[in-house]
Number of protein chains: 2
Amino acid sequence: MIKEDTRFLIVGLGLIGGSYARGLSKRGLSVDAIDTNPDSISYALEQGMIRRGATRPDPALIAEADVVVFALYPGVMIDWIREHQHLFRPGTLLTDVAGVKCHVVDVIQGFLREDLEFIGSHPMAGKEVYGVRNSDESIFKIANFIVTPTEKNTPGAIAAARRIGELLDFHTIVELDPATHDEMIGFVSQLTHAIAVSLMTCNEDEGLQNYTGDSFRDLTRIARINEKMWSELFLLNREVLIAQIDSFTCELLRMREILCRQDRAALEEMFIHSTRRRALFDR
Amino acid sequence: MIKEDTRFLIVGLGLIGGSYARGLSKRGLSVDAIDTNPDSISYALEQGMIRRGATRPDPALIAEADVVVFALYPGVMIDWIREHQHLFRPGTLLTDVAGVKCHVVDVIQGFLREDLEFIGSHPMAGKEVYGVRNSDESIFKIANFIVTPTEKNTPGAIAAARRIGELLDFHTIVELDPATHDEMIGFVSQLTHAIAVSLMTCNEDEGLQNYTGDSFRDLTRIARINEKMWSELFLLNREVLIAQIDSFTCELLRMREILCRQDRAALEEMFIHSTRRRALFDR
């Protein structure tokens, strides 16, 4: 389905949208972009990241697209598609980059025109900086690309979404149903951010930075967090995240209880277990 | 107090003891070592890290030392000093590398001969690997060196301990009283390890490693943990650590409560706060 002359349209030219534009253009593919910020569009044009750009939902650009990648916050994306879906040519494939999938996929597939197809994608990559000027397609090289098909998706669309992951040179490309995706992401991404933020905000001592070792820096790096995007992602997946917080808190309180009763053997067992399990995650 | 001809004795030639030996020898200082493992001693001799070595508490080596650095687990160190302190020359300075200070300093200063002096030191450096073969003095370059004097310490001993930190090229050298040290370390080091371990052991899903991003790897790197050493450190500082676990858990449960009531503004405020606070910790 994706060929040499496939025309891509990226809606939302921030860090991830910009990195998609760079990566696909380097592959020789035709990439257009829409972003409300004129500076982002002119920068991308100057850099040769895109062929054409617009700051409004330009009907000509939209009608020419074969594949549209939405790199917007979930709520903005849903509204955009609802409002502008009449502008797409029949057969256009829509996909996204959102970090949560159940709500997004369910809502969009629910209202989308019958002659269009939406398939969820999640590039598990990012940086602690934002915007097209920080975009960099090399962030995908060590990252996972997750495609989240439902029964409404065709084999052709699934193959096309996977092909985008290949073109962008992702380390691993996998398929998960949206619910399994959100469960997993609630643990490996959202719970870790919840922990980092809480660790950062639970102690107001102003002098701590003078004594901080690498371990504290490692655990709190992701406490620098885009509050608009992550609030939206947390709230869209709140039931899963609350369950993950409960499971983690329960385990930390088990350690607390071991400390209270000074049970060295139980503490050592917990450390041996964590060491063995962590070894599985080395890359 | 520390001069070009000062003779160092390192007791315990593991990762930290070995890194001390490398760093001090490179500075042209005389370094001897005692370790029960003959392989560690012969390796260090081959590498030119030490001048002389012994696998037992050799009275000649011990009597010649001007400064003795104990790089042993806290309990082993306390027993060693109690049993062998009669072998030191009057005026010998003893110091250590233990990660908790109140108990260690209090006990040792309590029973030590009047003509010897013990001053606590904590090099906040490490690796996830162990033993003299992994020793590397460059781990000190970005690390903090903390000296923990009490009213029993002399200005000369404090200056000597600080000088060791300088000779080993630590990034920052500071003084803290033992209680303040343990409070701080309970937060920046022990709580972070408790969190990493609990995060690693609270979920038994075997497939998670296929979907893991950098944030999860960052948060769990220190979940590979030496169970003997860390159990000892946790238990020696358990009251502080329990209080830190409570303060962190309280903050994480505040976030949980915000998620339950879907309070986007409160969530954004927490993220803005954590982002602002984390910026202080960049190095």
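Every number in this text was worked out from the coordinates using simple rules, so none of it is lab data. Bear in mind that the values here come from a model prediction, so they are computed numbers and not experimental data. Using ideal geometry, Cβ is built from the backbone for each residue, glycine included, and neighbour counts are taken over all protein chains shown.
Observations
- Expressed in units of 2.2 N^0.38 Å, where N is the residue count, the Cα radius of gyration of segment B:181-279 is 1.24.
- Approximating the spin labels as points 7 Å out from Cα along Cα→Cβ, the A:Gln262-to-A:Lys3 distance works out to 7.7 nm.
- For chain B, a simple Cβ point-charge model (Lys and Arg +1, Asp and Glu -1, everything else neutral) yields a dipole of about 520 debye relative to the Cα centre.
- Computed extension length for A:Lys26-A:Ile272: 83.9 nm, one decimal, from 0.36 nm per residue of separation with the Cα-Cα distance subtracted.
- Qualifying chymotrypsin sites (Phe, Trp or Tyr not before Pro) in segment B:109-160, DSSP loop, other Cβ atoms within 10 Å at most 15: B:Tyr130
- DSSP beta bridges in segment B:7-176 [antiparallel fraction, %, rounded to 5]: 15 percent
- Cα-Cα separations in chain B greater than 24 Å, expressed as whole percent: 55 percent
- Model label sites at B:Asp205 and B:Arg163, defined 7 Å from Cα along the beta-carbon direction, differ in position by 5.7 nm.
- Annotation for segment B:244-283 versus segment B:129-194: alpha-carbon center distance of 30 Å.
- All other residues whose Cβ lies under 10 angstrom from that of A:Asp263 are scored, Lys and Arg at +1 and Asp and Glu at -1, for a net of -1.
- The charge dipole of segment B:181-279, taken about the Cα centre with unit charges on the Cβ atoms of Lys, Arg (+1) and Asp, Glu (-1), comes to about 260 debye, rounded to the nearest 20.
- Over all projection directions, the Cα-based convex hull of segment B:90-181 averages an area of 6.4 nm².
- Calculated FRET efficiency for the pair B:Arg254/A:Ala179, C-beta based, R₀ 25 Å, to 0.05: 0.35
- For the protein assembly as shown, DSSP calls about 15 percent of its internal beta bridges antiparallel.
- Contact order for chain B, expressed relative to its length and based on alpha carbon pairs under 8 Å spaced 6+ residues apart, stands at 16 percent.
- Considering helices alone, the calculated mean residue ellipticity of chain B at 222 nm is -14500 deg cm²/dmol, with DSSP H runs of length four and up weighted by -39500 (n - 2.57) and normalised per residue.
- Here r is the Cβ-Cβ distance between B:Asn37 and A:Leu280 and R0 is 30 Å; the resulting FRET efficiency, rounded to 0.05, is 0.50.
- Which listed pairs, of B:Lys101/B:Lys127; B:Lys101/B:Lys141; B:Lys127/B:Lys228; A:Lys3/A:Lys26; A:Lys101/A:Lys152, have C-alpha distances above 18 Å, in listed order: B:Lys101/B:Lys127; B:Lys101/B:Lys141
- Subtracting the Cα-Cα distance of B:Asp115 and B:Asp79 from their residue separation scaled by 0.36 nm leaves 11.1 nm.
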